[in-house]
Amino acid sequence: MTEKSLHTILTERLQAVEERILAACQRAGRNRADVAVVAVTKTISPATAAVLPEMGVLDLGENRPQELWHKAEVLPKNVRWHMIGHLQRNKIERTLEATDWIHSVDSARLLRALDDAALGRAKPVNVLLEVNASREASKHGFAPREAGELAPVIGALRNVHVRGLMTMAAPEEDPERCRPTFGELRRLRETLSEILQPPHNLRHLSMGMSNDFEIAIEEGATLLRLGTVLFEGLT
Ligand SMILES: *Cc1c(COP(=O)(O)O)cnc(C)c1O
């Protein structure tokens with residue numbers, strides 16, 4: 001077997017994912033421009049990840065703050081970093097230096113702490129509220145019932161803008177079984193939208209990973225978080 005270059009492998013995988021995204025958008029009657037990919041680089045090295053911005057892939061995600069800080073330091077500055085994993089409050093300051101998109105805000109306390117930390121910044125911090133829509137005990141995130149109670153907390157924010165909701169479906173052999181979780185997030189957006197005031201909005205639904213992204217698109221995802229399907233076997 002001939003050795004394929006990293007560039008060739010990534011080009012082929014991105015192309016294959018693109019075709020699947022397009023087909024899912026078509027099935028759902030959605031506009032391709034309304035679905036963005038966040039390439040989750042947690043399993044690959046900074047050197048491998050550095051090929052992505054060269055190829056025009058500028059939205060990258062990490063689930064561990066230290067790894068995000070490290071990659072953000074060594075990769076080009078035009079990368080838009082997305083923090084997609086649990087964020088402890090003692091890691092807020094450095095994370096905000098590297099990114100202004102945080103998908104994984106899972107408590108009112110974190111929301112307030114981010115607002116305090118973001119005081120005096122030129123740009124607002126964009127956050128998504130993580131919802132445990134699959135109701136697994138092991139998962140971070142607001143319970144769907146709890147989310148409605150956040151309206152006063154959100155109303156008091158000055159430096160943080162809520163931009164949407166995020167969820168992770170339970171791992172399933174058959175991705176079709178993730179559909180109810182994604183549908184629940186979409187319905188929650190409808191109810192919560194009514195009680196949020198500008199500048200807050202729930203434009204984004206961050207949902208869909210390698211195993212289930214086509215179902216997520218059919219259910220309204222605007223941000224897909226894709227790791228394995230792009231980077232499997234790479235280091
Ligand atoms: C790792 C990770 C992903 C990507 O998962 P894949 O199944 O590898 O595509 C998405 N979201 C979060 C929060 C993750 O930690």
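For the reader, a short list of remarks on this structure follows.
- DSSP-assigned coil residues among GluC sites (Glu not before Pro) in the stretch 1-30, each with at most 12 further Cβ atoms within 10 Å: Glu3
- Translational diffusion of the stretch 1-152, µm² s⁻¹ [Kirkwood Rh, Cα pairs; Stokes-Einstein; 25 °C; 0.890 mPa s]: 141 µm²/s
- In the stretch 165-233, Cα pairs under 8 Å separated by at least six residues give a relative contact order of 33 percent.
- Inverting the pair-averaged 1/r between distinct Cα atoms of the stretch 118-235 gives 15.1 Å as its Kirkwood hydrodynamic radius.
- Charge context of Leu226, other residues only, Cβ under 12 angstrom, K/R +1, D/E -1: -1
- Across the stretch 1-113, C-alpha contacts under 8 Å between residues 6 or more apart give a mean separation that, scaled by the residue count, equals a relative contact order of 18 percent.
- Computed magnitude of the charge dipole of the stretch 1-151 (debye, nearest 20; Cβ of K, R +1, Cβ of D, E -1): 160 debye
- Fraction of alpha-carbon pairs over 11 Å apart in the stretch 84-131 - percent: 65 percent
- Among the trypsin sites (Lys or Arg not before Pro) in the stretch 1-48, those placed in a DSSP loop whose Cβ has at most 13 other Cβ atoms within 10 Å are Lys4.
- Neighbour cut-off at most 10 other Cβ (10 Å), DSSP loop, trypsin sites (Lys or Arg not before Pro), the stretch 117-201: Arg158
- Using C-alpha pairs under 8 Å with a sequence gap of at least 6, the mean separation divided by the residue count of the stretch 57-136 gives a relative contact order of 26 percent.
- Take the Cβ atoms of Glu190 and His7, set R0 to 41 Å, and the FRET efficiency comes out at 0.45.
Readers should treat all values here as calculations from the given coordinates under stated rules, not as data from a laboratory. Quick caveat, the model's predicted, so the values are computed rather than measured. All Cβ positions, glycine included, derive from the backbone under ideal geometry; neighbour counts span all protein chains shown.
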